[in-house]
Amino acid sequence: MATARFLHAADLHLGSPLKSLGNAIGDAELQRFKQLVNGAFDRLVQTAIDEQVDFVVLAGDVYDTAERDPGAQRRFLLGLRRLTKTGIRVFMVHGNHDPLTKNIKDGLVPEGVVVFPAGKLGVETIKMRNGAEVVVAGVSYSKTEEDKNLVPLFAGLSGKTIVGVLHTNVGGNTQHGNYAPCSVNDLEQSPVNYWALGHIHLRTVKQTPRGWWAYPGNLQGRSAKAAETGPKGVLIVDVDEAGSISEPRFVECSTVRFARVDVEVDRVAEVGGVDDQVVAQLQTLVSESGGLPHLVRLELTGQTDIAALLDSPKWDRQQTLAEGNQALDGGAIVKLEFSCVPRVDLAEQRTRGTLLGTVLNELDKEEITDDIREAATSLLVNTLGAHQ
């Protein structure tokens, strides 16, 4: 069967100031990274063109704030023009960062771009190039803190293939505001075949009896939080002639990656060896990403005989940062943390009346796998070992 496709993106946060970097890097470097980050939306547009999609859905938080940055507005408008000139339609909703207030309603979008209304469901029908007829429906926020479950608005939809566009918190994810809250059951009981969701920045794809619900994650990472790290981008969704929807396929669009890198220094015998370990891991990180710039939160971990030296002036942190930044080849270490602990003699601890020794002896009695025992022991030593 002939296949057509659409692109699903969310949480573009255009105009994001990258406040998370704080004073970790200089002003010139900060401006350079801001310029790089701005290129993520251009990659989204080019991906849509390269993939020959019939339409694009944007599931909220296109802008980082309701007071949209003028430069971001211009980039967005130019990108929309490129899409519509190639025959790609765009359907979008507004979320908590960019609610559909009067100010935003006054903004112009090119012909071929549909902004779904706030407070009520907007519905459009598009015939894809393979003949499949798809109903695209969505609803925008009218305020920053939408507290109503908006899924019931989609209940009356009919059609063989329905795409629902919604900015929502499914299942009460505590890492994000609980806006337009709904449950997985709400999604699955609706007539929608593909839920194009936004708001949660961690990419998530789940199958339902009717099709799929998915968060593509944000388009471009903004900090070293776990949900913001790694590849970021969009989902490409195939639709066959009969209207059946395939599992979404991820395509990276980020121009800068954020990363959390833990460097274990257990086997490092001298302070100078720390830099070698750091450089090796950062070089691997860059190599595996195809050379993309990285902004890294670096943490030294593990049990080591040189823990005291690493926590003293004898360890030149600036040298480590300099060599690490060079290894990142255009990236930067934005935070350096130290959580090493002195090496602990486990056998000796088990013979002593310390808290660590007592817990280790209790752990020995448990019937668990070696992997779990090793992980638990490491956790205990890292949290209790320095206090024995």
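Read-outs: derived from the displayed coordinates by stated rules, not from any lab. Note that the structure is a prediction, hence the values are computed from the model and not measured. Heads up, the Cβs are rebuilt from the backbone with ideal geometry, glycines too, and the neighbour counts pull from every protein chain shown.
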Taking only C-alpha pairs under 8 Å that are 6+ residues apart, what is the relative contact order of segment 3-252 in percent? 22 percent
ASP50 to ASP27: FRET efficiency via 1/(1 + (r/R0)^6), r the Cβ-Cβ distance, R0 45 Å, to the nearest 0.05? 0.80
Computed over the chain, Cα set: Rg, Dmax in Å: 24.8, 77
With label points built 7 Å along Cα→Cβ from the Cα atoms of ARG352 and ASP262, find their separation and express it in nm. 2.4 nm
At 0.36 nm per residue, and after removing the present C-alpha to C-alpha distance, how many nm does the segment from THR369 to ALA322 gain when stretched out fully? 12.8 nm
On the principal axes of its Cα set, how long, how wide and how thick is segment 15-116? Give whole Å, largest value first. 43, 34, 18
Helix 370-384: inclination vs the chain longest Cα principal axis, degrees, rounded to 10, gives 70 degrees
Which listed residue (GLY198, PRO248, GLY122) has the Cα farthest towards the positive end of the charge dipole for segment 3-252, taking +1 on Lys and Arg C-beta and -1 on Asp and Glu C-beta about the Cα centre? GLY122
Per the Cauchy relation, a quarter of the hull surface: what is the mean projected area of the convex hull of the alpha carbons in segment 71-227, in nm²? 9.9 nm²
Qualifying GluC sites (Glu not before Pro) in segment 12-71, DSSP loop, other Cβ atoms within 10 Å at most 12: GLU67
Arranged from highest to lowest average of other beta-carbon atoms within 10 Å per residue, in what order do the peptides 362-373, 269-280, 3-14 appear? 3-14, 269-280, 362-373
If one compares the long axis through the Cα atoms of helix 70-85 with the longest principal axis of the Cα atoms of the chain, the angle in degrees, nearest 10, works out at 50 degrees
Mind checking the full-extension length gain between LYS335 and THR284? Use 0.36 nm per residue of separation minus the Cα-Cα distance, one decimal, nm. 16.5 nm
Using only Cα atoms, find the angle between the long axis of helix 27-50 and the longest principal axis of the chain, and express it within 0 to 90 degrees, rounded to the nearest 10. 50 degrees
Using the Cβ atoms and a cut-off under 10 Å, what net charge is assigned to the surroundings of HIS201, where Lys and Arg are +1 and Asp and Glu are -1? +1
So, by mean Cβ neighbours within 10 angstrom, what's the order for 185-192, 228-235, 57-64, 81-88 with the highest one leading? 57-64, 228-235, 185-192, 81-88
Given R₀ = 25 Å, what would the calculated FRET efficiency be for ARG129 paired with ASP42, taking r from the Cβ atoms and rounding to 0.05? 0.55
Spacing of the two label points (7 Å from each Cα toward its C-beta) at VAL184 and ASP147, in nm: 2.7 nm
For segment 185-316, what does the equivalent ellipsoid look like in terms of its semi-axes, each the square root of 5 times an eigenvalue of the Cα gyration tensor, given largest first in whole Å? 43, 15, 12
